[in-house]
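Enquirer: Below you will find the structure I want to go over with you.
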Amino acid sequence: MSAGKQGDALCFFINGKKVTENHADPETMLLPFLRQKSILQTNLLLFIKVMFDFMPFCMVPGMIRTQIALLEIVYFDAHAVLFLVFLQICNLCRCTGYRPIVEGCRTFCQEANCCQANGAANCCLNGEKNGDEPEQEKPQLFDKLDLLPLDPTQELIFPPELILMADTTSPQTLTFHGERVTWVSPVSLEELIQLKAKHPKAPLVMGNTNIGPDMKFKGILHPLIISPTRVKGLFEVSQTPQGVWVGAGCSLSELHSVLEKLVPQFPEEKTEVFRALNRQLGNLGSVQIRNVASLGGNIVSAYPNSDLNPILAAGNCKVSVISSGGRREVPLNQDFFVGFGKVILQPEEIVVSVFIPFSRKGEFVQALRHAPRKEASFATVTAGMRVMFSESSRVVQDVSIYYGGMGPTTVSAAKTCQAIIRRPWDDETLSQAYDILLEELALPPSAPGGKVEFRRSLTLSLLFKFYLEVLHKLKAMNVITDEVPEKIQPLPREIQPGLQEFQPVSKDQSNHDAVGRPMMHRSAISQATGEAVYCDDLPKIEGELFLMVVTSSRPHAKITGLDVSEALQLPGVVDVITTKDIPGKKVRTFCGYNEELLAESEVSCIGQMICAVVADTKAHAKRGAAAVKISYEDLPDPIFTIEEAVEKSSYFEPRRLLQRGDVTEAFKTVDKVYEGEIRIGGQEHFYMETQSMLVVPVGEEMEFNVYISTQWPTLIQDAVAETLNIASNRVTCHVKRVGGAFGGKVTRTSVLASITSVAAWKTNRAVRCVLERGEDMLITGGRHPTLGKYKVGFMNDGKIVAADFQFFANSGNTVDESPLVAEKMVLHMDTAYNIPNLRGRGTACKTNLPSNTAFRGFGVPQGLLIVENMINDVAMVLGCPADKVPPQPLLPRIREMNMYRGPSTTHYKFEFNPENLLRCWEECKRRSDYSARRGAIEQFNEQNRWKKRGISIIPIKYGIAFSDGFLNQAAALVHIYKDGSVLVSHGGTEMGQGVHTKMQQIASRELHIPPSKIYISETSTNTVPNTCPSAASFGTDANGMAVKDACQILYQRLEPIRKKNPKGTWESWKSPPTPIMDEVAVSDCIFLFVLRGPDLYVDWDKMEGQPYAYYTYGVSCSEVELDCLTGEYRTLRTDIVVDIGKSVNPSVDMGQIEGAFMQGLGLYTLEELKFSPFGLLYTRGPSQYKIPAVCDVPLQFNVYLLPDSDNPYAIYSSKGIGEPTLFLGSSVFFAIKDAVAAARSDSGLKGPFSLNSPATPERACLASASPFTQKVPASKPESFKPWALDI
């Protein structure tokens, strides 16, 4: 905070606590301010316990806040609460799958009394009851008696002091001076006009939803900002006979409220514009955004894909503007928007109010939009359409059509309108209009934003939807009497009750034994309330510096110059760290290849780290980094795509091959041979906590403490020690908890930690490094984009005889763990199927994109999608005669026919029993009622032309543990203190997956004490050395056994005391006169146990081995409904059956299953990384990169744990579950493909077709081949340079 010029004091309240800041800097965002002041480290607000019971999560307390606010709005209105939560919670979470949040809210709704809300296995809503079975105790997720009733009288009230300040008769202009920016808040319209006349370039800020992000993410500097939020003249609402004037300062939520109150007061024919605007407002941003974003700001921001501007323009709205030169009214039409982000207004003019007119009789207005995600997403294309008919006629008197997302501005389809005016509203008129519209809105193939064919088809589809809507209204008014096409109903959106079926706990198990029970995640409450401490929550140390990395702006170039002089002159900058400053190893070695920590002479991707700036604050470090000047000499022919890498033989070795049988000969014996391919895009980890670390020099003998968010503390310890050229015993790595990782906080984190440690060593000061979201996405890579090619030979009955796969992974510029990822694709290519002649080759391709790394599933989600797509193609090649209905749906029949059965051997000669795989398959078919629903879907598709449904059922066989045996070891340190409390340390890191909770349960069982007496503080290298990574779904297996054995040994050492008092309890043993420590040596109550895991291996020369300890099995059935005109879909229902042995904690495992499924759903249907033609990642934040939100959860989501399953290879017969079910998200992908196939059938298209992953609305729409998409001419790929690469 700058204390240069004296400004006003800023006063506000957080949770009822008054905060006064005397030196408020306008450039400081709220969240970092709260962190700096430690204001967030308080108990925010407990919501409802059920949310914490379902699973661990790293969700932000904002979700709790949003739900509390919704409850206050609609208190006791059960249906409205649930509906609003489903629609309006736009906070993102990467771990939970969102169901715990929705279920938490459901406890306030009427159906909360349903048996399933408390975890019952059979639900009255599902009509299930097992009358033949004895009634068993149902696992309880929570006890309602523990929950306090909602009491609205106890809510925090709006601070009276602020009310009095706002109501003062003589408000004063407020001014806040920052280091570079001054913020002025005037109180009158006259003062605002004077300020704007004097400073015409100063932006007006109301909700700061536009200027704020520009300043933070784009580095735009505004020396003066004017905030007229207290100018009452901007918030006035007045009504005239022609319509309503709404103050430009009104928030979008206030606009919605105004229009909602006006609609019932007038005849329906007068409120067409009002209702269209309200519908569009419901889809614009989130509640939080709409609460602060202003109407005037939304208009003059002039975003090309604006939601409101097209409908305001089509509805003949206008704005009233004022300046020192007077007041005038300006119509919102095609002349108002003059360029990207520019309008016709003069710089000194201020929008005071917006006029929204009443509609007239015979006039119809509609707003339409399409966005990459169903809610809380910038639109791809928006439209505002208005048509006026002559009285009692279908002849068009006037029409107005505007689009957003079809150019740099909101555009008018004026020629199309002219072709419609004075003509009847019928198919012939609209058919001609489509052709004119395509010609009028001709986007160039390289247009910014890409998706050109899709966007052009959307203009036609949205016009067609408007046409149908109006046609049905004319029919209802008896203006037309002939038959009209089907009305397109919105996709279903209301969430239905789901079901979670746990495994019952044995009656013989002690009530005090926590194992197998749905115990709450041990830190769930502190995480949900904001009390949990993450790396960046650690208090600032005196003299602490902040590190900001400087990255390459070229994909392939020599570094010819590095000038840091300007950066070193900036305020607060302390030093610039380059590779020359590294005292030890300047590289990290992965898979036999060296990777530079900081590039010295050459860069090989955009985003490669070159140097780092350290300064006294993050803001100063950021400015210093921007001031570093780097000159380059470009090198020829950068490689970006897999095809380019294959063409130039750009690979990382080794390349892997596995084979069984004689594939070549087998192809000669089959009835049919088919060759195909599919692409799977990359995926960003998008953990909620970005890469974060704090390196602190202890002050003597080169000792360092590293506080870090990582999956592998020992790797960080080794990396820092090697980089600083010191012994590992001088480095202690501490991990309290990790805010999500998914594989992304292993190798990439070690590189960043090494650089940060050099800065701490050189300056001898603590150095913190916390990447911003955009930096994290640019630098750290993600899941490998993959190209799969296959050749399959099969018989006419669907039996697959031979298959040959090639897996190509786009590794990026460094090796990281890419060869291991390609290996795992090959190892899992048999999945659930026994193909007698099978061959697979895995290749890691070297390109000039940022290095990709481990990601949940480690190549398996890519590889198995390729295999399942091959199965899908076999079914589509075989097809089914129209006059013959097969005994069961073709695809499941082919899958079943080719599954492993009985004692089996994999393609790497490992014997296993697939019995539980087949049980999961049959159970999922039964639970999902697959056959009956397939028939209902076929009937639905026959009755609907523009909407189709699809269903798919997908199995998985997933190998658990590391294929390199040395990585499967673990250790645990257990302390028993004098008061009887127990401290457990182990090698696993808590990432939200609940490993600490499970260790607590295990120790509780083995020591025969309640879990409340057991504490796990952190994971650190000075308590448990030489740990292995928390990965490969093996954390509980390895660490759990170590904790179990350590506790058993300690329990045996306490045998003498138990014998003296055999009827005593833990409390009596620790009480006088025979306290534990009087009878047992201190050393006997501290035990470190090191466990060596299974000796797993693969002999690649012999093509055999045992790479996995056992398999986790699962099956998922999903049904979707697809809008063929836009590609939008809803997952109507998902049923999952998973074999996880005997679960240690079913609620935690259930959360892992659902969270992984949703992450898989994102991978296969939603999340899309976009790179420029020069290798720059476009999608570097949540506004460009869409992960699943609440709206993407299946509307009915049922998960069942397979009963009566044993696993002798893991602790308490459990199974690893963190990764396997991610692939089950592909059931949604194949359900979409099934729906697309039905749409293509209506267009006369049969047989296999290409649908790459993710199956975004764009891909689904274009693949559906509707008459509108077929109207759009495809551009020749070689005739233009695309906006984005096809990675």
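The values are calculated or read from the model by the stated rules, or taken from the named source; none is laboratory data. On a predicted model such as this, the values are computed, not experimentally measured, just so you know. Don't worry about glycine lacking a Cβ; one is built from the backbone with ideal geometry, like all the others, and counts go over all protein chains shown. Each accessible area value is taken on the protein alone, full model and side chains, heavy atoms only, with ligands, DNA and RNA left out. Shrake-Rupley method; radii C 1.70, N 1.55, O 1.52, S 1.80 Å.
Enquirer: List the relative contact order of the stretch 210-272 as a percent without decimals, with contacts defined as Cα pairs under 8 Å and 6+ residues apart.
Expert: Numbers: 27 pairs, mean separation 10.5, N = 63.
After rounding, I find 17 percent.
Enquirer: Continuing with this model, one more query. Using alpha-carbon positions, what is the distance between the centroids of the stretch 898-964 and the stretch 553-573, in Å?
Expert: The distance from the Cα centre of the stretch 898-964 to that of the stretch 553-573 comes to 55 Å.
Enquirer: Hey, how much of the P(r) for the stretch 966-1028 falls beyond 17 Å, as a percent of Cα pairs? Spell out each step's value before the answer.
Expert: On the way: 773 of 1953 pairs.
Counting pairs separated by more than 17 Å, the tail of P(r) holds 40 percent.
Enquirer: Now, a different point. About the Cα centre of the stretch 1181-1285, what is the dipole size in debye to 20, counting +1 per Lys and Arg Cβ and -1 per Asp and Glu Cβ, all else neutral?
Expert: Values: 9 positive and 8 negative charges, 118 e Å.
The dipole magnitude comes to about 560 debye.
Enquirer: At 1.4 Å probe size, with the rest of the protein present, what percent of the exposed accessible area of the stretch 653-720 is carbon and sulfur atoms? Working shown, then result.
Expert: On the way: 1160 of 2590 Å².
Carbon-and-sulfur percentage of accessible area, whole number: 45.
Enquirer: Let me ask another. Which far-off residues, 5 or more places away or on another chain, put their amide H under 5 Å from the one on Ile14, with H placed in the peptide plane?
Expert: Val19
Enquirer: Now a separate question. Which value, in Å² rounded to 10, gives the accessible area of Arg373 with a 1.4 Å probe and all protein chains present?
Expert: Result for Arg373: roughly 10 Å² accessible.
Enquirer: Using a probe radius of 1.4 Å on heavy atoms only, what accessible surface per residue do you get for the stretch 193-264? Whole Å² is fine.
Expert: Working: 3640 Å² over 72 residues.
Ligands and nucleic acids excluded, the figure is 51 Å² per residue.
Enquirer: Which value, in Å² and to the nearest 10, is the accessible area of Asp1286 when all protein chains are kept and the probe is 1.4 Å?
Expert: 90 Å²
Enquirer: If you don't mind, another one. What list of ³J(HN,Hα) couplings, whole Hz, do you get for the stretch 174-190 from phi and the Karplus terms 6.51, -1.76, 1.60, once you set θ to phi - 60° and write x for glycine and proline?
Expert: Result, ordered by residue: 9, 9, 10, 9, x, 5, 10, 10, 10, 10, 10, 10, x, 10, 9, 5, 4 Hz.
Enquirer: Relative contact order for the stretch 1103-1215: what is it in percent, counting Cα pairs under 8 Å that are at least 6 residues apart? Could the numbers behind the result be given before it?
Expert: Details: 147 pairs, mean separation 40.1, N = 113.
Once divided by the residue count of the stretch 1103-1215, the mean separation gives 36 percent.
Enquirer: From the residues His521, Ile871, Leu1132, which one has its Cα farthest along the dipole of the chain in the positive direction, the dipole being from +1 and -1 charges on Cβ of Lys/Arg and Asp/Glu about the Cα centre?
Expert: Result: Leu1132.
Enquirer: Quick one: order Lys1044, Lys558 from most to least accessible surface, probe 1.4 Å.
Expert: On the way: Lys1044 40, Lys558 95 Å².
Descending order: Lys558, Lys1044.
Enquirer: Next up: What residue among Phe358, Ala1042, Gly212 has its Cα farthest toward the positive end of the dipole of the chain, where the charges are +1 on Lys, Arg and -1 on Asp, Glu, each on the Cβ?
Expert: Of Phe358, Ala1042, Gly212, it is Phe358.
Enquirer: Provide the solvent-accessible area of Phe235, counting protein heavy atoms only and rolling a 1.4 Å probe, rounded to the nearest 10 Å².
Expert: My reading of the accessible area for Phe235 is about 70 Å².
Enquirer: Rounded, prolate or oblate for the stretch 263-330? Axes are the square roots of the Cα gyration tensor eigenvalues, ordered a ≥ b ≥ c, and the cut-off for rounded is a/c under 1.5. Write out the running numbers ahead of the final one.
Expert: On the way: a/c = 1.91, a/b = 1.21, b/c = 1.58.
Oblate shape, in that a/c is at least 1.5 and b/c is the bigger or equal ratio.
Enquirer: Hey, how many Å between the Cα centroid of the stretch 743-793 and the Cα centroid of the stretch 699-725?
Expert: Rounded to whole Å, the Cα centres lie 16 Å apart.
Enquirer: Long-range amide H contacts for Ile577: which residues qualify at under 5 Å (H placed 1.01 Å from N, peptide plane, sequence gap of 5 or more or a different chain)?
Expert: Amide H neighbours of Ile577, under 5 Å, 5+ apart: Ala612, Val613, Val614.
Enquirer: Expressed as a rounded percentage, what relative contact order does the chain have, with Cα pairs under 8 Å and six or more residues apart?
Expert: Once normalised by length, the contact order is 12 percent.
Enquirer: For the stretch 1099-1151 and the stretch 257-281, what is the separation of their C-alpha centers, rounded to whole Å?
Expert: 46 Å
Enquirer: Among Pro1011, Pro836, Leu438, which residue has its Cα positioned farthest towards the positive end of the charge dipole of the chain, with +1 placed on the Cβ of Lys and Arg, -1 on the Cβ of Asp and Glu, and the dipole taken about the Cα centre?
Expert: Most positive-ward Cα: Leu438.
Enquirer: Quote to one decimal, in nm, the extra length available between Val395 and Lys1246 on full extension: 0.36 nm per residue of separation minus the C-alpha distance between them.
Expert: Numbers: separation 851, 0.36 × 851 = 306.36 nm, distance 3.98 nm.
Stretched fully, the Val395-Lys1246 segment lengthens by 302.4 nm.
Enquirer: Sequence-distant or interchain residues sharing an amide H contact under 5 Å with Leu635, placed H: which?
Expert: Those lying under 5 Å, H to H, from Leu635 are His556, Ala557, Lys558.
Enquirer: Given a 1.4 angstrom probe, I'd like the percentage of the accessible area of the stretch 778-838 that is carbon and sulfur, rounded to a whole number.
Expert: On the way: 500 of 1020 Å².
Summing carbon and sulfur atoms, their accessible area is 49 percent of the total for the stretch 778-838.
Enquirer: Modelled label-to-label distance, Asn511 and Asn1026, 7 Å Cα→beta-carbon offset: nm?
Expert: Label-label distance for Asn511 and Asn1026, simple model: 4.6 nm.
Enquirer: Would you please give the FRET efficiency between Glu21 and Met1103, computed as 1/(1 + (r/R0)^6) with r the Cβ-Cβ distance and R0 = 45 Å, to the nearest 0.05? Please report the intermediate quantities before stating the final value.
Expert: On the way: r = 67 Å, r/R0 = 1.49.
According to the calculation, E is roughly 0.10.
Enquirer: Rank Lys1063, Lys37, Lys1170, Lys1271 by accessible area, highest first, at a 1.4 Å probe radius? Could the numbers behind the result be given before it?
Expert: Working: Lys1063 190, Lys37 100, Lys1170 45, Lys1271 70 Å².
Sorted by accessible area, descending: Lys1063, Lys37, Lys1271, Lys1170.
Enquirer: Take Leu221, project a point 7 Å from its Cα along the Cβ direction, then tell me which residues of the stretch 617-641 have their backbone nitrogen under 14 Å from it.
Expert: 619-628
Enquirer: Full-extension gain between Arg1058 and Lys475, please, as 0.36 nm times their residue separation minus the C-alpha to C-alpha distance.
Expert: Working: separation 583, 0.36 × 583 = 209.88 nm, distance 8.62 nm.
Going from the current span to full extension adds 201.3 nm.
Enquirer: Probe radius 1.4 Å, ligands and nucleic acids left out: which of Trp946, Trp761, Trp183 has the largest accessible area, and how do the rest follow? Let's see the in-between values first.
Expert: Details: Trp946 25, Trp761 85, Trp183 50 Å².
Ranking Trp946, Trp761, Trp183 by accessible area, largest first, yields Trp761, Trp183, Trp946.
Enquirer: Right, here's the next one. Assign unit charges at the C-beta atoms only (+1 for Lys and Arg, -1 for Asp and Glu), then state the dipole size of the stretch 776-830 relative to its Cα centre in Debye, rounded to the nearest 20.
Expert: Numbers: 5 positive and 7 negative charges, 45 e Å.
Computed about the Cα centre, the dipole is about 220 debye.
Enquirer: Hey, rough spin-label estimate for Glu911 and Ser728, points 7 angstrom out along Cα→Cβ, what's it come to in nanometres?
Expert: 3.8 nm
Enquirer: Enter the mean projected area of the convex hull around the alpha-carbon atoms of the stretch 375-474, in nm², rounded to one decimal. Working shown, then result.
Expert: Details: hull surface 26.7 nm².
Directional mean of the projected Cα hull area for the stretch 375-474 stands at 6.7 nm².
Enquirer: Here's another thing I want to ask about it. Calculate one ³J(HN,Hα) per residue across the stretch 11-21 by plugging θ = phi - 60° into the Karplus curve 6.51 cos²θ - 1.76 cosθ + 1.60, and present them in order as whole Hz with x for glycine and proline.
Expert: 3J(HN,Hα) across the stretch 11-21, in whole Hz: 10, 8, 10, 10, 6, x, 9, 6, 10, 10, 10.
Enquirer: What full-extension length gain, to one decimal in nm, is calculated for Glu647 and Asn594 as 0.36 nm per residue of separation minus the Cα-Cα distance? Before the final figure, lay out each step's value.
Expert: Numbers: separation 53, 0.36 × 53 = 19.08 nm, distance 2.43 nm.
That pair, Glu647 and Asn594, stretches by 16.6 nm at full extension.
Enquirer: Output wanted: per-residue J couplings in Hz (rounded whole) for the stretch 987-997, from phi through Karplus 6.51 cos²θ - 1.76 cosθ + 1.60, θ = phi - 60°, x for Gly and Pro.
Expert: For the stretch 987-997, the Karplus-derived couplings read x, x, 9, 7, 10, x, 7, x, 5, 5, 5 Hz, x marking Gly and Pro.
Enquirer: Measuring from label point to label point, each 7 Å out along Cα→Cβ, what is the Glu260 to Glu701 span in nm?
Expert: Once both label points are built, they end up 6.6 nm from each other.
Enquirer: Mind checking the per residue accessible area of the stretch 401-521 for me, 1.4 Å probe, whole number of Å²?
Expert: Values: 5240 Å² over 121 residues.
On a per-residue basis, 43 Å².
Enquirer: Using a simple charge model, +1 on the beta-carbon of Lys and Arg, -1 on the beta-carbon of Asp and Glu, nothing else, what dipole does the chain show about its Cα centre, in debye to the nearest 20?
Expert: With only Lys, Arg, Asp and Glu charged at Cβ, the dipole is about 1060 debye.
Enquirer: Let me ask you something else. R0 = 35 Å: FRET efficiency of Asp671 with Glu942, Cβ-based, nearest 0.05? Don't jump to the answer; show the numbers that get you there.
Expert: Details: r = 31 Å, r/R0 = 0.88.
The pair Asp671/Glu942 has a calculated efficiency of 0.70.
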